[in-house]
Amino acid sequence: MRGSTILGGVVVAALCVGLVTLVTPDSPVEDDTPRPAAQTELETRTFEHDPDAEAEVAALAERGKRSDRRKLQSRYAAWGGDDSKVFARRAVIDAMLARRFEDPKGALADLLAAIDADRELSGVDDPTIAYAATQARALWVTPGMFEHGRDKLLTARTDKSRAMLADSLSGFAAEGRDFVDPQDQRTAWLGSDLADAHSAASDGWAKQTIERSMATTMGPDVARVLADPLAVSPDQIQSLQDELQGVRAAVAEMPADDRRGTALAGLQDAEPDELVDAVARPLDSPRENPHRAHP
Amino acid sequence: MDPRTRRYLTVPAMFAFAAAAGLVVSAQHADAELTDLTQTPNAEGAGIAKSLEEQVGASVGDIYTPDSSAFIIARDPARAVVRGQRLFQRKFTIAQGFGPRTNDGIGDIESDASLGAGLVDSCAGCHGRPHGAAGFGGDVFTRPDSRDAPHLFGLGVQEMIGDEITAELRATRDAAIEDAQADGEAVTVDLWGKSTYYGTLTAHPDGSVDTSDVQGVNADLRVRPFFAEGSTISVREFVVGAFNAEMGLESPDSLLWDAQAGPVTTPTGMVLDGTVDSIETPPAADVFDDPDNDGVTNEIDEALVDYVEFYLTNYFTPGTHQQNARTVLGRIVFDAIGCAKCHTPNILMDVDRRVANVDTEFDPDNGVFNRLFATANLTLVVEDDGSGFPEIKTPAKDDFLVRGIYADFKRHDLGPAFWERNFDGTLTKEFMTEPLWGVGSTAPYGHDGRSINLDEVIRRHGGEAQQSANFYKSLWWFQREWVLAFLESLVLFGPPDTASNLEPGDETNPDFPQRGHGSINLGVLFNDPSDAE
C-alpha cells in the first residue's frame, strides 16, 4: 500500500472522529445547562407549614388503604398552587413512595396518578415535581424497575409526570450508586428515551427539564442538539474549519491522482465560506415540520 | 392448594426445574432450511428431529388430546413455538405435496399474482436471513418490478397492533353513528388509532357513513398490516396463503372456512370474522380436496397451520446493537426532520397475546456471535385444571410497550419513485409504513429492493415524505451519519446463534464456538426437554 493512501485513510478517519466528537462526548459530563429561571426561583423559595393538612396526610398514609391513597391523590391535586400546602403535598409524595418495598410498580403508579390528577398547576409553578423526582430515585434500584420507569417515561400521560420521570431516572443514573451499566448501554438507552420523551412533550418547561436530563445523561453537547437539533453553533463551525484546515494541509501533500474521485478531493476544493454557508444554511423551519401537525 | 390457582411462571423457575430434573438438552442448532432426520440421518444429528407425520401428531384435537396442536399450544407452548419454527424451516418434499406452481405458472397473472411467485421448498427459503431466523431474503415476480420478502420478526406484535387500531377506529365510527342518530344531524369525527391520525369520517342520522376523507386505511377501517400494500389481516391467513402460493402446499384450514360465516378465534387469540372483514379462503375445501391435482390431499394439516401461526405470532422482536451518543443523536435528528411522523417509535399494546417477550441487545460481556445477548421473559399465567395433564399455560395478556417499531400502521404515498407497476397496467401508489426495526440488517431496501442502502432509500422518499427527505438531504453530512448510525443499530439476529438466558455461551466447551456459543434455546422450556423437536 502506498504511503499516501495510508495518509488519506488517516486523514479521513481523523476528520470523521474530529467532527463527530464535536458534539459527541465520550461520557456524561457535568450539567452546565442553565435552569429555567422560574424553576430556580421555586427552588429557593421558602414555604410555610400547614399542620392540619400535614396531619391529615399522615393519618391517611397511616391507614394506607387503596381508598386512602386515592384521597391522598385528590388532596395533592386540590392543594396545587397553595403555598401553605407544599409540605403536605410533599408528604403525599412520601406516602406514595413508602410502598416501594412491597410494591414498587404500585408505588410508582400511585405517584404518577397524583401528579397527573393535578391538571391546574403547571409544572413550572409546581415546587413538588423536582422533589418527587429526587424521592422517586429510590424506586430505580433494580434493573427491572429502571426499565419499568423508562416505559412509563415513554407512556407518560402529562408533561409533569414525563418531566418528573426524566429528571428522576437521569438523576439516579448520574448518581451511579446501584446503577449497573455494562458497556454504557443503559445510559444510552435512557438517552434515546429522553429524545422520545422530548418529542412527546409540548410544554416548554417540560422540554427544558428533559434537556437538562439529557445533559446529565449524555452530556451537554447532546442536550444542545436535543434543544435545537438542526442548528450548528458558531463554535462548531469554527471547529469544523479548524479541522478542515488540518486536513487540507495533509491532503495537499498527497498526489492529485490519489485524491481524485474521493471525498478528499471535495474537502480540498471546498472554500471556507462555502463550508460555513453549507453548515449554516437555513432549513425551511424544520421544527415547524408537520411532525405533530395532525389536525 | 386449589389446583386451579393461577400463578405466573418465570424463566428461571422453568429453567431451574428442567436443570434439576437433568433434562436440559444441548441447543438444537437449526440452520435456515432443514431436512428431517428420518429423511436424512447424519452423524451430526443436524436437522428436524420429528418426521412430518410426527409433527402433525393427533392433529388439532383439544386440550385433553395429547399430541394435538390444541393440547401442545395450551400445555407446552414453548414446544408449540419450536414445532412451528421447525415447520417454517422444513424442506417439503413432492411426496408431501410440495408444488406444483399455481397452474404450472401459466395463466392470467393480472388476476392471480401467485403465477409469478415460483416455488420454494421451505418458508425459510425466502425468509431465511440472517442465518437461522424467520428473516428476509427472496425476491419474487409477483409484481412486474418484483417484491422482496420482508423479515418476519415481530409479526405477531404487528397483527395485534393492527387489530387494536382497527377496534379503536371502528369504535369511533360506531359512536359517531350513535351521536348522529341521537342528534338528528351529521357528525364528523377525527379518526385516531393509537397515535396515528387516519383522517375524518362523517356519520349521518340514517346510519350511513361518508369515508371519503378517511386516510391510509380502507373504508372498512380494518388495518391490514401484512404485505407492502397492506392487504392481509392476520398471521394465519398469511401462513395459509404463503404455503399455497409460494410452495404449492394446500391447506383445508377449517378455521378460515368457519371464519367466513362468523367470528372464530385462532389458537393465538386472534378473532377473525368474515361477516365484518374480508377473510381469505383456504385453497382446499376439505381434507379430501386436491385442487392442484398432485395426488396429495390435506397437504398442510390444520394442526401445522396452528403451529406456524403460533410460532410467527410469538416470534421475537428485532434486536438492537450498540447504543451510544451517535445513535442517540441520530434518533434526535430522525425525529427533527420528521421521519418519526410516520415511523412512530413506540406503541403501547393494550393486550399482549404472546407467551413471552425476548429482548435482544448489545452485550459484549455475555454475547458471543455479534456481541448480542437475548433475555427471554415469559408472560404466562399457569393454571392446573385438575385434569392430570400438564398445567395450562396461557398468555398473561398484560399491556406491553412495543419499543422501537417505527411504524404507524397506515398507508402513505411516497411519490413516484416508490410507486409500483401492476400486471394489469395500473399503479399501486400507497404502501404501509415499513416498520424500521431490524432495518440495519435488511439491505437492499424498499418493497422492491431497489435501494441499495439506507442513505439511498431515504433519499428515494417523496410524496408525503418529500419534506422529510428534503430535510435529510439538507443536513450536514455528519448529521446524516448520525441518522444512519441510529438506523444501523436496529438489527436482526439468528436465534440459534444468539446466546441468551436460556442457553448462555460457554467458552469452556472444547469445540467452542462451533458448540457452546449459546442460543435462544426454547427447548429448555419444554415440559419434557429430552423430547427434541
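Since every read-out is calculated from the coordinates, none of them should be taken as a lab result. For clarity, every value in this text was computed on a predicted model and none was experimentally measured. Reconstructed Cβ throughout: ideal geometry from the backbone, glycine too, with neighbour counts over all protein chains shown.
Take the conditions surrounded by fewer than 16 Cβ atoms within 10 Å (Cβ to Cβ), within 20 Å of B:VAL56 (Cβ to Cβ) and charged (D, E, K, R) and apply them to B:ASP301. Does it pass?
No: the conditions fail for B:ASP301.
Within region B:308-354, can you find the residues that are of a type in the set (Lys, Arg) and either under 18 Å from the mean Cα position of the chain (by Cα) or more than 8 Å from chain A (Cβ to nearest Cβ) (or both)?
Selection gives B:ARG353, B:ARG354.
Can you name the residue in region A:165-190 that is within 19 Å of B:GLU361 (Cα to Cα) and of a type in the set (D, E, K, R) and, of all such residues, is farthest from the other protein chains (Cβ to nearest Cβ)?
A:ASP181
State which residue is farthest from the other protein chains (Cβ to nearest Cβ) when the search covers only region A:191-212 and only residues that are over 22 Å from A:ASP126 (Cβ atoms) and of a type outside the set (A, V, I, L, M).
Among them, the one singled out is A:ASP193.
Would you confirm whether or not region B:406-425 contains a residue that is within 14 Å of chain A (Cβ to nearest Cβ), among the polar types (S, T, N, Q) and under 30 Å from B:GLY216 (Cα atoms)?
no
Have a look at B:ASN298, B:ASN357, B:ASN366 and point out the one that is more than 30 Å from B:TRP477 (Cα to Cα), in a loop (DSSP other than H, G, I, E, B) and within 14 Å of another protein chain (Cβ to nearest Cβ).
B:ASN366
Being touching a Pro at 6+ places or on another chain (Cβ under 8 Å) and over 23 Å from B:GLU420 (Cα atoms) is true for just one of B:ALA134, B:ALA180, B:ALA203. Which residue is that?
That would be B:ALA180, the only listed residue that is touching a Pro at 6+ places or on another chain (Cβ under 8 Å) and over 23 Å from B:GLU420 (Cα atoms).
Going by what's in this entry, would A:ARG70 be described as touching a Ser or Thr at 6+ places or on another chain (Cβ under 6 Å) and assigned to a helix (DSSP H, G or I)?
no
Identify the residue in region B:110-123 that is in contact with a Phe, Trp or Tyr (Cβ under 6 Å, 6 or more places away or on another chain) and within 21 Å of B:VAL235 (Cα to Cα) and, among all such residues, is surrounded by the fewest Cβ atoms within 10 Å (Cβ to Cβ).
That would be B:ASP121.
Of the residues A:ALA91, A:ALA98, A:ALA109, which is buried (at least 17 other Cβ atoms within 10 Å of the Cβ), under 28 Å from A:THR216 (Cβ atoms) and within 29 Å of the chain's Cα centre (by Cα)?
A:ALA91
Among the residues of region A:155-193 satisfying the criterion of being assigned to a helix (DSSP H, G or I) and polar (S, T, N, Q), which is nearest to A:ASP116 (Cα to Cα)?
Per the criteria, the residue is A:SER161.
Out of all the residues in region A:111-154, which are charged (D, E, K, R) and outside any helix (DSSP H, G or I)?
A:ASP118, A:ARG119, A:GLU120, A:ASP126
For region A:170-208: of the residues being closer than 26 Å to B:LEU372 by Cα and acidic (Asp, Glu), which is surrounded by the most Cβ atoms within 10 Å (Cβ to Cβ)?
Top of the filtered list is A:ASP193.
So which residues in region B:265-291 are hydrophobic (A, V, I, L, M, F, W, C) and either more than 14 Å from B:ILE233 (Cα to Cα) or in a loop (DSSP other than H, G, I, E, B) (or both)?
B:MET270, B:VAL276, B:ILE279, B:ALA284, B:ALA285, B:VAL287, B:PHE288
Cβ-Cβ below 6 Å, separation at least six or inter-chain, first residue in region B:116-139 and in contact (Cβ under 8 Å) with a residue 40 or more places away in the chain and on the phi > 0 side of the Ramachandran plot, second surrounded by fewer than 19 Cβ atoms within 10 Å (Cβ to Cβ) and among the charged types (D, E, K, R): which pairs?
Listed by first residue and then by second, the contacts come to B:GLY132/B:ASP31.
For region B:382-478, please list each of the strands (runs of 3 or more DSSP E) lying entirely inside it that holds at least 1 residues being β-branched (Val, Ile, Thr) and either surrounded by fewer than 18 Cβ atoms within 10 Å (Cβ to Cβ) or in contact (Cβ under 8 Å) with a residue 40 or more places away in the chain (or both).
Of the strands (runs of 3 or more DSSP E) lying wholly inside region B:382-478, those with at least 1 residues that are β-branched (Val, Ile, Thr) and either surrounded by fewer than 18 Cβ atoms within 10 Å (Cβ to Cβ) or in contact (Cβ under 8 Å) with a residue 40 or more places away in the chain (or both) span B:392-395, B:400-402.
Pick from region A:126-155 the residues that are more than 14 Å from every other protein chain (Cβ to nearest Cβ) and among the small types (Gly, Ala, Ser): which of them is surrounded by the fewest Cβ atoms within 10 Å (Cβ to Cβ)?
By that ranking, first place goes to A:ALA138.
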